[in-house]
Amino acid sequence: MEEFAALLDTLVYTTSRNRKLAMIAEYLRETPDPDRGWALAALTGELDFPAVKSSTIRNLMKDRVDPVLWTLSRDFVGDTAETASLLWPEPEARDGEVPSVAQVVDQLSALNRNTAPKELPKVLDRLDANGRFALIKLATGGMRIGISARLAKTAFAQAFDVSVEEVEEYWHALEAPYPELFAWGADGGDPPDVSNRPRFRPFMLAHPLEDTEVDLGEYAAEWKWDGIRVQLVRVAGETRLYSRSGDDISATFPELLDVLPMDAVLDGELLVRGASQGGEEGGAASFNALQQRLGRKTVSKKILKEAPAFVRLYDALLIEGDDIREQPWSKRRAALEALMAKLPDSHFDISAVVEADDFKHLAEIREGAREDAIEGLMLKRRDSPYIAGRKVGLWYKWKHDPLLIDAVLMYAQRGSGKRSSFYSDYTFGCWDGDPDGGAELLPVGKAYSGFTDAELKKLDRLVRQTTLNRFGPVREVERTLVFEVAFDSVHTSKRHKSGLAMRFPRIHRIRWDKPVHEADRIESLRALIRD
Amino acid sequence: MSAPFSWIRPEPWGVQIVPADCWIDPGKAVDRALVTHGHADHARGGHGETYATPETLAIMALRYRTGVADESGEIPTKAIPVEYGQTIRLPGEVDATYIPAGHVLGSAQILLEHAGERVVITGDYKRRADPTCAPFQVVPCDIFITEATFGLPVFTHPPIEEEMAKLTKALADNPDKSVLVGAYALGKAQRVIAELRAAGHSEPIYLHGAMEKMCRLYEEHGVPLGELRLVSDHGKDDMRGSIIVAPPSALNDRWSRRLPEPITAMASGWMRVRGRARQRGVELPLVISDHADWCELTQTIDEVDPQEVWVTHGREEALLRWCELGQRKARALALVGREDEDE
Ligand SMILES: [Zn+2]
Ligand SMILES: [Zn+2]
């Protein structure tokens, strides 16, 4: 437990992704089974002990610390687990050995609501403050230390020099503490047999279509939808839903878990019902509506009714036990079309192939599709197999050109990690009326990418030289600089004062030359809203 | 005969000793001031007369020009040294005795006696051993006026050896980088350096320019700090594998760009709380404080065992609550301008 607590502690303070990876990898290499497997599950939020809740901890503390001192401390520290770990009375002597992660997991799993208040203190008494923090975080779930499943998998791959794609393939099919995964990765054993378990297959991805044209005889075109890419997997009657990073998001979309009538692995876009994508009938709502549903661990009936999810299918990898990934796209497409008849249209439809006479015609169709808030087009080689990752020449994404506005730099904030000494996060605004008639700037978005290191240095200098006010890490600056900001779309938002929210804003060009009163007005941004 | 203790009066900007027409650690310029130590929330320039330990006066001369002649050769502010253990008689039959507080070089508690009543004002203090200053002494009194910077039970400062071990390990693990330690320029910086030397670290330590004079002052007062070099005199490669000490405000400043891949550390009692460390972008938090932690505060009150506790500054609510639970009489003075954010 000491090593795990130390790892957790360093991860809390480390901002660099590379350093985080290196630390997790080192831990995985040096820690024996099954501790490292449990630790991995804990870091990625896959452990759950229903008998221990945050309230269990608070109740334990009530018996040990004056309630006023507890509240004052909790308010100052800001985190219940941390406050409890600091305030837990140190025992006279720490008897017994420090438990291993596996022992802790065993003990926690054996607890129920009645035994927890008696048994948990015994474990806490055997740990120091850092150990107690790790234990409480592990027991109550929600580490919240910025370790995604993807980062953990990459760390595993790095630790044992195996491919991250393979780690992804096995990971979700196995259960903590993943003995088969370590036997393969760390000890050079056979790859785990995961044939009978639902598991994630890494997605086939596309390259952006730069200035190339493709022959539509060789390539088929499909719409690219503005939802989230998912993989729906059913094996031996059990269905799982995976996000693009391979995270299991089944619990967030329970309505999709009992609607696939046969074992299969399908690739598609997760959307919620609404009118704005693909017309009224069976249409999809905006990305905004989908976003309301992401990240929830439990889903209310109300939400299920108001924003039901469905999958717009792109591709099939396996159908009824047949792995068709080696087959050309045209055959897989035909198999998918044939499959559609067996799928309930309440939860599935198919992303239509876009027919065009030639590339120029396709470009026109793509231009005209802006209205439908479609992200763009996908171009898929008709003879391409389904291959994990991004292979040149097989699939292209042909996104819409970004939308552009001119906005004025208003605030700047220090970045993190390598950029922590630079003001590298910029808030920009547009005019709420005629700038020559006394209009004000209203913040409309924030960007922290799209400039070179040299430009960053120059921007940093400008921020320091034109600071008007300081609010903690944020500086308000004189309105002197115009950014040409690129973004994918803009939506209404109640959370922002401007009433709108941009998707993926980034600095397109720095307009050192442009006077600020020539920046755009907020009306022009509003005219681009697609909800 | 006037009411008990009416001769000592707390105001928002300092504690007044009424019959002596004199103030302790006043936040504005007065005719006569007794100063506990050199930190800016206790000491300032411009007093007519300043009574303090010789070390504190030296610090005040450096920082606030106390007792230093101006261009015309006049000394506008008079500095009167008081040694530890020495008692001075103030007007109005008030006796003041300076007693070590263990906070920083020259820091003192002040014992005030008048009409048979005894009041101790601690200034800032700690109970842990510190190679750079004389240790705190417990002095029995009727009213104990204490600080409470770390007056919350979550604050327990670990033994400094543990924190030093973390620092030297980070250095050993990263021979091609450097470790940048943020430390308060008066007291903390010199203590960290002295503790590093005590732990056997004999390599040169690099300093931010703002640290240089204070380090020299410490050495002149008998606190050896080993070989110190200025960052500004050296290139990146010289500093690889070295410790660099800078004021906390320089940690994420442009200044740090000249350092070789610094790992950001900070020596402060606040580092006990993860959120505080993350807020400042600290990768290596070192829980090192020159203030008493919760245990020291409460233990000291028990040992001094006064009739009444007055709390000058810090997280006074919790300390008052503790006094209430132990049926001790206590009150908060809520002095303004006393917060050691960079402690
Ligand atoms: Zn102080
Ligand atoms: Zn102070």
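Among the GluC sites (Glu not before Pro) in segment B:1-79, those located in a DSSP loop and surrounded by at most 11 other Cβ atoms within 10 Å of their own Cβ are B:GLU71, B:GLU74. The alpha-carbon positions of segment A:345-389 define a convex hull whose volume is 141 Å³ per residue. Roughly speaking, what is the centre-to-centre gap between segment A:374-444 and segment A:470-518 when only Cα atoms are used, to the nearest Å? When both Cα centres are located, 11 Å separates them.
Rounded, prolate or oblate: which fits segment A:152-204 when a ≥ b ≥ c are the square roots of the eigenvalues of the alpha-carbon gyration tensor, with rounded for a/c under 1.5 and prolate only if a/b beats b/c? Because a/c hits 1.5 or more and a/b fails to exceed b/c, segment A:152-204 counts as oblate.
Mind scanning A:LYS153/A:LYS224; A:LYS53/A:LYS122; A:LYS446/B:LYS177 and naming the pairs with a C-alpha gap bigger than 26 Å?
Going by Cα-Cα distance, A:LYS153/A:LYS224; A:LYS446/B:LYS177 fall outside the 26 Å limit.
If you average over every viewing direction, what projected area does the convex hull of the Cα atoms of segment A:204-399 give, in nm²? Convex hull of Cα atoms, orientation-averaged projection: 10.8 nm². Rg/Rh for segment A:403-526 (Cα atoms only, Rh after Kirkwood) is 0.94. Adding -39500 (n - 2.57) for every DSSP H run of four residues or longer, then dividing by how many residues chain B holds, sets the calculated 222 nm ellipticity at -6000 deg cm²/dmol.
Among B:LYS78, A:LYS118, a tally of other beta-carbon atoms within 10 Å of each Cβ gives an order, fewest to most, of A:LYS118, B:LYS78. The three principal axes of the Cα atoms in segment A:2-140 give end-to-end lengths of 42, 32, 30 Å, sorted in falling order. Values of log10 I(q)/I(0) for segment B:160-286 across q = 0.14, 0.20, 0.22 Å⁻¹ run -0.54, -1.17, -1.44, by the Debye formula with one identical scatterer at each alpha carbon and no solvent. Just how many % of Cα pairs in segment A:335-410 lie over 14 Å apart, if you round to the nearest whole percent? Value for segment A:335-410: 74 percent of Cα pairs lie more than 14 Å apart.
With only Cα atoms counted, segment A:70-200 has Rg and Dmax values of 18.5, 55 Å.
The dipole here belongs to the protein assembly as shown: it is taken about the Cα centre, uses +1 on the Cβ of Lys and Arg and -1 on the Cβ of Asp and Glu, and is about 1000 debye.
Kirkwood-type hydrodynamic radius, chain B: 20.8 Å, calculated from all non-identical alpha-carbon pairs.
According to the Cα-based calculation, Rg over Rh for segment B:234-343 is 1.14, with Rh computed by the Kirkwood formula. What shape does segment A:166-297 take by its C-alpha gyration tensor, where a ≥ b ≥ c are the square roots of the eigenvalues and a/c under 1.5 counts as rounded, a/b above b/c as prolate, and the rest as oblate? Oblate. A compact globular protein would have a Cα radius of gyration near 2.2 N^0.38 Å; the ratio found for segment B:60-114 is 1.38.
For segment A:194-276, the set of chymotrypsin sites (Phe, Trp or Tyr not before Pro) satisfying both a DSSP loop assignment and a count of at most 14 other C-beta atoms within 10 Å is empty. Using bins of 5 Å that start at zero, the share of Cα-Cα pairs per bin across segment A:1-72 amounts to 3, 13, 19, 17, 13, 14, 11, 7, 2, in whole %. Could you tell me which of A:PRO402, A:TRP38, A:ALA527 has its Cα farthest along the dipole of chain A towards the positive end, charges placed at Cβ (Lys, Arg +1; Asp, Glu -1), taken about the Cα centre? The listed residue farthest towards the positive side: A:ALA527. For chain A, the spherically averaged projection of the C-alpha convex hull amounts to 29.4 nm². With no solvent and one point on each alpha carbon, what is the Debye value of log10 I(q)/I(0) for segment A:462-531 at q = 0.19 Å⁻¹? Each listed q maps to, in turn, -0.98. Of the GluC sites (Glu not before Pro) in segment A:122-229, the ones in a loop by DSSP (not H, G, I, E or B) with at most 15 other beta carbons within 10 Å are A:GLU175, A:GLU210, A:GLU213, A:GLU218.
Here, each number is a calculation from the coordinates, and none is a lab measurement. In this text, all values refer to a predicted model and were calculated from it rather than measured experimentally. Every residue, glycine among them, receives a Cβ derived from its backbone with ideal geometry; neighbour counts consider all protein chains shown.
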